[in-house]
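The values are calculated or read from the model by the stated rules, or taken from the named source; none is laboratory data. Here the structure is a predicted model, which is why all the values come from computation and not from measurement. Quick reminder, even Gly has a Cβ in these numbers, built from the backbone with ideal geometry, and neighbours come from all protein chains shown. Just the protein is used for accessible areas: all its heavy atoms, side chains included, with ligands, DNA and RNA removed. Shrake-Rupley method; radii C 1.70, N 1.55, O 1.52, S 1.80 Å.
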Amino acid sequence: MSNVRQRKTVNSEAKENKAKEQKNGSPKINKKETENKGFYRHILKRFLKQICGLLFFLYVIIPVFVKTNPWIHSKMVFLNMVRWPPFIDLTKPWEFGLRGARNFYLDVNEESRIGVWQILANSSVEKGGDFDKPLGNGKKVILYLHGTTGTRGGWHRVQLLKLLASLDFHVVAFDYRGYGDSKGHPTEDGVVEDGYFMYKWIKERSKDSSVILWGHSLGTAITTKLARLLCIKNEDPDGVVLESPFNNIRDAAIRHPFTALFRFMPMFKEIFIDTIAENGIYFSSDENIAQVTSPLMMIHAEDDEIVPYELGRKLYEAAEKTRKIGSASIEFISFNASEGLGHKHIFKALEIPNIVKNFIHETCRKD
């Protein structure tokens with residue numbers, strides 16, 4: 001009997017101890033779970049606040065700022081304050097690998113002083129030619145008008161300048177007012193005025209040598225408007241090359257990667273697009289090109305993500321429809337997306353040297 005009672009007592013004590021452990025342990029477990037839930041809740045609240053703050057900044061602060069500060073549109077179109085690579089010395093073009101090159105400055109007017117590079121054709125360099133006479137030695141001259149951001153010393157621009165010089169063309173490249181080391185503030189009419197000034201400067205020195213305009217990206221809109229002005233004045237350029245062109249600044253802005261985050265907004269066009277024109281920026285190449293009668297070549301890569309290929313085709317179609325009777329030839333050359341040339345690297349295309357030589361030597365040939 002005593003053994004039985006002892007076993008019962010032991011079992012009873014064990015049950016009591018287990019009950020006490022469960023009772024005492026339960027609050028500890030609940031407390032730990034509560035602390036974890038509180039921690040995760042805090043992290044979630046903090047994350048949601050940051051998301052809300054970001055959304056408020058993107059879709060309230062930025063639209064209000066853009067709408068109430070018209071000057072921002074000029075900055076966003078020209079992006080002349082974006083200079084990459086920074087801290088480069090534009091006074092020494094030979095340090096960029098350009099043979100037979102010099103840097104100098106020209107005063108367009110009281111508001112604009114522009115930095116210029118003149119690169120001699122390779123054969124002229126080999127003959128030891130100076131810089132004053134070669135523009136009139138019979139070699140064709142290309143006036144290069146670059147696109148938005150950066151300077152005439154941008155890597156992809158320098159590579160193109162090298163290519164053109166290696167094909168034995170003289171090349172003149174410059175920075176519009178407000179770009180690089182040029183003085184002034186860019187406007188649509190202002191950058192076209194800079195281009196016109198450079199064209200006249202070349203023509204005064206080129207004698208009977210052909211002068212061809214070459215524009216890239218935003219530079220195609222500047223080039224088209226410049227070519228229109230020249231044709232109206234009966235000073236037609238001997239050829240025009242438009243690399244990665246677009247039909248007008250409105251469509252280009254709508255399709256630009258910068259505006260992708262805002263396109264779904266109900267007032268997207270009213271805030272971000274319509275106000276560009278309200279500030280005097282149009283770059284209506286599809287209208288300006290109707291007055292251009294010079295030989296015209298457009299080149300565009302299908303994988304261009306900055307200026308979509310479709311906008312280049314729209315400009316070409318507009319040119320075809322409005323081309324005046326008696327105008328010179330027009331052509332559009334595509335580069336397959338598989339080549340990976342994108343917006344800036346058409347100069348890498350294996351066929352580009354022959355394309356350029358054929359256009360300039362044959363199509364742009366003077367009678």
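For I62, the accessible surface of its heavy atoms amounts to roughly 40 Å² (probe 1.4 Å, protein chains only, rounded to the nearest 10). Hey, got a sec? Which trypsin sites (Lys or Arg not before Pro) in region 185-235 land in a DSSP loop and have at most 16 other Cβ atoms within 10 Å? Taking region 185-235 and a limit of 16 other Cβ atoms within 10 Å, the loop trypsin sites (Lys or Arg not before Pro) found are K207, K233.
Taking GluC sites (Glu not before Pro) as exposed when DSSP calls them loop and at most 11 other C-beta atoms lie within 10 angstrom, the chain has its longest site-free stretch at 111-350.
Surface composition of the chain: carbon plus sulfur atoms hold 55% of the accessible area, using a 1.4 angstrom probe and ignoring ligands, DNA and RNA. For region 92-104, 3J(HN,Hα) computed residue by residue from phi via the Karplus equation (6.51, -1.76, 1.60; θ = phi - 60°) reads 10, x, 5, 6, 8, x, 8, 7, x, 10, 9, 10, 7 Hz, glycine and proline entered as x. Computed from label points 7 Å out along Cα-Cβ, the spacing between N358 and E235 is 3.3 nm.
The simple Förster model, with R0 at 41 Å and r as the Cβ-Cβ distance, assigns L350 and D130 a FRET efficiency of 0.75. Each residue of region 328-335 was assigned a 3J(HN,Hα) from its phi angle through the Karplus expression (A = 6.51, B = -1.76, C = 1.60, θ = phi - 60°), giving 6, 5, 9, 9, 10, 10, 9, 10 Hz with x at Gly and Pro.
Counting only chymotrypsin sites (Phe, Trp or Tyr not before Pro) that DSSP places in a loop and that have at most 14 other Cβ atoms within 10 Å, the longest clean stretch of the chain runs over 88-263. From helices alone, the chain scores -13500 deg cm²/dmol at 222 nm; the rule is -39500 (n - 2.57) for each run of n ≥ 4 DSSP H residues, then divide by the residue total. The residues of region 243-367 expose, per residue, 49 Å² of accessible area to a 1.4 Å probe. FRET efficiency for E111 and R313, Cβ-Cβ distance as r, R0 = 51 Å, nearest 0.05? FRET efficiency, E111 to R313: 0.90. Sorting T220, T148, T68, T187 by accessible area puts them as T68, T187, T148, T220; the probe is 1.4 Å, largest comes first, and only protein heavy atoms count.
Here the Karplus relation 6.51 cos²θ - 1.76 cosθ + 1.60, evaluated at θ = phi - 60°, turns the backbone of region 286-296 into coupling constants of 5, 8, 5, 5, 5, 8, 8, 10, 6, x, 10 Hz, with x for every Gly and Pro.
Placing R0 at 30 angstrom, the Cβ-Cβ distance between V66 and A328 gives a FRET efficiency of 0.10 after rounding to 0.05. When L135, L167 are compared by accessible surface with a 1.4 Å probe, the order from highest to lowest is L167, L135. Just want the answer: with Cβ charges of +1 for Lys and Arg and -1 for Asp and Glu, which residue in Q159, H361, H343 is farthest toward the dipole's positive end in the chain? It is H343, whose Cα lies furthest towards the positive end. Cα centroids of region 179-233 and region 115-164: 15 Å apart.
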